[in-house]
Amino acid sequence: MATMPLLTDADAPPEARAVFDDICATRRTDYVNNFWRAMANDPEAMAAAWDRLKQVMGPGALNPLVKEMLYIAVSVANGCEYCVHSHTASAKAKGMSDAMHRELLSVIAMAAQTNALATAMQVPVDDRFKA
């Protein structure tokens, strides 16, 4: 159960509805997902998060699919069920195949295992790896 109400278009304040409209225009959809409907309870924070998300996930050196796959990996590491699901759907829409998804999950699992081992053993970082 959500800890914040999921505001409908009718219930959202005008500032939040303006962000809803921008989400729909940017994503070329008529669907505003539950994350943004919860964020609409604080329109100022919502607008700031949406603006930053558009910047980070927009055009750049990394292609859109790579960005979504990175988002999945971080969401898994942070235990965010919502973001794992929403960004997996987005990655699939951007071309992630089932084989790519399986491989991504294998990399995430391997990194989690070796991160835990390196942390447990407190392995010092090799000098040549330090920037």
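The values are calculated or read from the model by the stated rules, or taken from the named source; none is laboratory data. A quick note: this is a predicted structure, and the numbers were derived from the prediction, not measured. Every residue, glycine among them, receives a Cβ derived from its backbone with ideal geometry; neighbour counts consider all protein chains shown. Quick note on the areas: whole protein, heavy atoms, side chains included, nothing else; ligands and nucleic acids left out. Shrake-Rupley method; radii C 1.70, N 1.55, O 1.52, S 1.80 Å.
Quick one: in segment 1-33, which of the residues that are of a type in the set (Gly, Ala, Ser) and open to solvent by less than 50 Å² (accessible area, probe 1.4 Å) is nearest to the chain's Cα centre (by Cα)?
Going through the qualifying residues, I end up with Ala16.
Output the residues belonging to segment 46-57 that are open to solvent by 40 Å² or more (accessible area, probe 1.4 Å) and either of a type in the set (A, V, I, L, M, F, W, C) or under 17 Å from Ser90 (Cβ atoms) (or both).
Ala48, Arg52, Lys54, Gln55, Val56, Met57
How many residues are crowded, with 16+ Cβ neighbours inside 10 Å and part of a helix (DSSP H, G or I) when one looks only at segment 58-108?
Summing the residues that are crowded, with 16+ Cβ neighbours inside 10 Å and part of a helix (DSSP H, G or I) in segment 58-108 gives 19.
Restricting to segment 1-46, name every residue that is among the aliphatic types (A, V, I, L, M), within 19 Å of His85 (Cα to Cα) and at pLDDT 95 or above.
Leu6, Ile23, Val32, Ala38, Met39
Only one of Ala112, Ala131, Ala93, Ala120 is modelled with pLDDT under 95 and hydrophobic (A, V, I, L, M, F, W, C); which?
One residue alone meets the criteria, Ala131.
So the check is Cβ under 8 Å with 6+ separation or different chains; which pairs have a first residue in segment 21-40 that's over 18 Å from Gln55 (Cβ atoms) and a second one that's outside any helix (DSSP H, G or I) and among the β-branched types (Val, Ile, Thr)?
Hits for this filter: Cys24/Val32; Arg37/Thr8.
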